[in-house]
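See below for the structure under consideration.
The values are calculated or read from the model by the stated rules, or taken from the named source; none is laboratory data. These numbers were taken from a predicted model, which means no experiment stands behind them. Cβ sites come from the backbone with ideal geometry, for glycine too, and all protein chains shown count toward neighbours. Just so you know, the surface numbers come from the protein's heavy atoms only, side chains and all, with ligands and any DNA or RNA stripped out. Shrake-Rupley method; radii C 1.70, N 1.55, O 1.52, S 1.80 Å.
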Amino acid sequence: MRRYRIGRLGSVFGALALLAGVLVTAQPAAAITGGQRDEVHTNVGLVRFTTESGRFRCSGTLISPTVVLTAGHCTGDTGASPATNVYVSFNTDLALDPLAPGITPAERAARAANYITGTAHPDPGWTGKLSISKQHDQGVVVLDAPAASKWPGITPAPLLPVGALDGNQGALKNETFTLVGYGVDIGAKKSQILVPERRFTTSLLKNVQDEVVTFQINDRDANAGGGSCFGDSGGPAFLGRYVVGDASFVNSLTCNATGGYQRVDTPYARAFLDQFI
């Protein structure tokens, strides 16, 4: 089954990237599919960054006072090529890019006031390819100042204990997970519709693999509300207050099939993250 990275909005991938940029329109929509405005998960933020491929945006989660967890492809094209010009905002409403072309110095300063800058650290094992078994699609941004210096009261989210998903798959099938991000919605003819806010939804577990946990995307499910889409990359799946993983890929260009998250509870993932938290 073909897989597509959930994020790096700005251009998402290949030939579709240019088409997506043309078709994005600003109007009310659900981004996180089947979701709603999120003023609860204030530790989920917007990540803007630059790679050799261009300027993009993703989502991410504060996991220590100065560390934001996000996807590997939101921190660099590979583990050896970190992203630059990284800005992180925890505003509920989508903060505009201070590095957008054609804006005045005053506008740039006004936009930058909604962010804290940081340094991207992709997992060294991230190759830029979604290999599923060893994709290592994780990374962090180390902020230049504590998030609480700009957003008082913000609290880092705890990570799921190591191995938690391995021993409880049967019971977890009955649990509801919460997905959060600043993604897009899919409109007519697969157009990507800009959503100017953080949103959340609920989803049910599909399966747990060695490196990845997947969720079923179905906004018509009466027991859970939807899934993730492009731009939600790097955003969290929560089980209660614990971060389960960062959004990595979807199996459909219309975000209506399966969404995959890089697990944070594997020994490999935790060894990488523990270097920063």
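Which is among the hydrophobic types (A, V, I, L, M, F, W, C), touching a residue at least 24 places away in the same chain (Cβ under 8 Å), open to solvent by 10 Å² or more (accessible area, probe 1.4 Å) and under 17 Å from Asp123 (Cβ atoms), of Ala71, Ala80?
Answer to the check: Ala80.
Among the residues of the range 168-206, write down those that are of a type in the set (Val, Ile, Thr), assigned to a strand (DSSP E or B) and either over 20 Å from Cys58 (Cβ atoms) or at pLDDT 75 or above (or both).
Once the filter is applied, which keeps residues that are of a type in the set (Val, Ile, Thr), assigned to a strand (DSSP E or B) and either over 20 Å from Cys58 (Cβ atoms) or at pLDDT 75 or above (or both), the range 168-206 yields Thr176, Thr178, Val180, Thr201, Thr202.
Which of the residues that make up the range 86-98 are in contact with a Leu (Cβ under 8 Å, 6 or more places away or on another chain) and assigned to a strand (DSSP E or B)?
Tyr87, Val88, Ser89
Taking Asp38 as meeting all but one of (1) more than 23 Å from Gly245 (Cα to Cα); (2) of a type in the set (D, E, K, R); (3) under 17 Å from the mean Cα position of the chain (by Cα), write down the number of the exception.
Asp38 satisfies all of (1) more than 23 Å from Gly245 (Cα to Cα); (2) of a type in the set (D, E, K, R); (3) under 17 Å from the mean Cα position of the chain (by Cα) except (1).
Could you please give the count of residues in the range 99-135 that are assigned to a loop (DSSP other than H, G, I, E, B) and crowded, with 22+ Cβ neighbours inside 10 Å?
The number of residues fulfilling the criteria is 4.
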